[in-house]
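The values are calculated or read from the model by the stated rules, or taken from the named source; none is laboratory data. Since this is a predicted model, take the numbers as computed values, not measurements. Quick reminder, even Gly has a Cβ in these numbers, built from the backbone with ideal geometry, and neighbours come from all protein chains shown. Accessible surface is based on the protein model in full, side chains and every heavy atom, while ligands, DNA and RNA are left aside. Shrake-Rupley method; radii C 1.70, N 1.55, O 1.52, S 1.80 Å.
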Amino acid sequence: MKIKLLSNLSLLAANVLVASSIVFQGQISTAESGSYRKDLWLGVYQIISYQYTKKSFTSDVYTIWTLTNRSEEPIPKTWTETKTIDVTGGLNWELAEISYQNSYSSTDSTTYTINPGKKGILKFYWTGNQITGGKVTTETYTPLLSSELHFWSEDNIGGGKFNYVPNWDYSEVDVPEPLTISGTGVALVFGVLLKRRSYLKSRT
């Protein structure tokens with residue numbers, strides 16, 4: 001005989017992780033499942049089964065700094081910054097054997113070289129894993145009372161993000177020559193004057 005203990009909890013309330021103001025974009029989803037035995041006392045034991053959906057994520061990309069080099073020599077830029085994010089595990093993560101760190105941190109201490117005629121851009125973003133929900137089932141067996149009697153309960157697995165990996169991304173783009181910029185400006189002004197002259201001429 002199987003007795004079900006009603007203990008379903010709200011999955012919405014289980015979403016306990018808020019990662020500051022970062023907006024996450026989901027990527028690849030995978031289904032995870034498993035089961036194991038947990039011995040208690042006097043022959044009592046539990047069979048715990050779980051299943052949940054896990055997907056990778058990439059946070060929004062933040063521009064840390066930009067620097068334009070209009071000289072003829074490379075410009076070195078030494079930069080030091082630490083990015084840290086704290087994590088609180090979701091509901092029943094322990095029962096589902098989901099392991100995570102309480103905090104993820106990365107320090108960038110690098111000297112970047114901005115080449116002549118280039119604009120250096122340093123960006124940062126996180127990647128990692130995200131639990132998007134699931135269920136854990138606990139079956140408790142009591143052999144001393146009855147070989148057939150056992151209790152069964154089911155709970156939600158709370159969502160949240162973990163396994164954060166920091167990404168510091170440096171790149172360079174071409175910088176237009178000053179003469180090119182001024183030439184473009186002159187052409188625009190000249191075009192406006194010609195258009196105005198044509199308009200005035202059409203009215204006479």
Checklist entry - How high is the relative contact order of region 72-139, in percent, counting Cα pairs under 8 Å that sit 6 or more residues apart? => result 42 percent
Checklist entry - Ordered by packing density, taken as the mean number of other Cβ atoms within 10 Å over each peptide's residues, highest first, how do 102-110, 154-162 rank? => result 154-162, 102-110
Next on the checklist: For a quick check of understanding: with a 1.4 angstrom probe and all protein chains in place, what accessible area in square angstrom does Ile121 have, to the nearest ten?
Outcome noted: 20 Å²
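Under the Kirkwood approximation for Rh and a Cα-based Rg, what ratio Rg/Rh is obtained for region 35-191?
Details: Rg = 27.9 Å, Rh = 20.7 Å.
Rounded to two decimals, Rg over Rh is 1.35.
Given the peptides 56-66, 135-145, arrange them by the average over their residues of other C-beta atoms within 10 Å, most packed first. Can you show the working numbers first?
Values: 56-66: 14.1, 135-145: 16.0.
Result, highest mean Cβ count within 10 Å first: 135-145, 56-66.
Note down the relative contact order for region 35-191 as a percent, whole number, built from C-alpha pairs under 8 angstrom at least six residues apart.
Working: 326 pairs, mean separation 47.4, N = 157.
Taking the mean separation of contacting Cα pairs over the length of region 35-191, I get 30 percent.
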Next on the checklist: Can you tell me which aspartates and glutamates have their Cα less than 17 Å from the Cα of Lys119? Leave out same-chain residues fewer than eight positions away.
Outcome noted: Glu72, Glu73, Asp169, Glu172, Asp174, Glu177
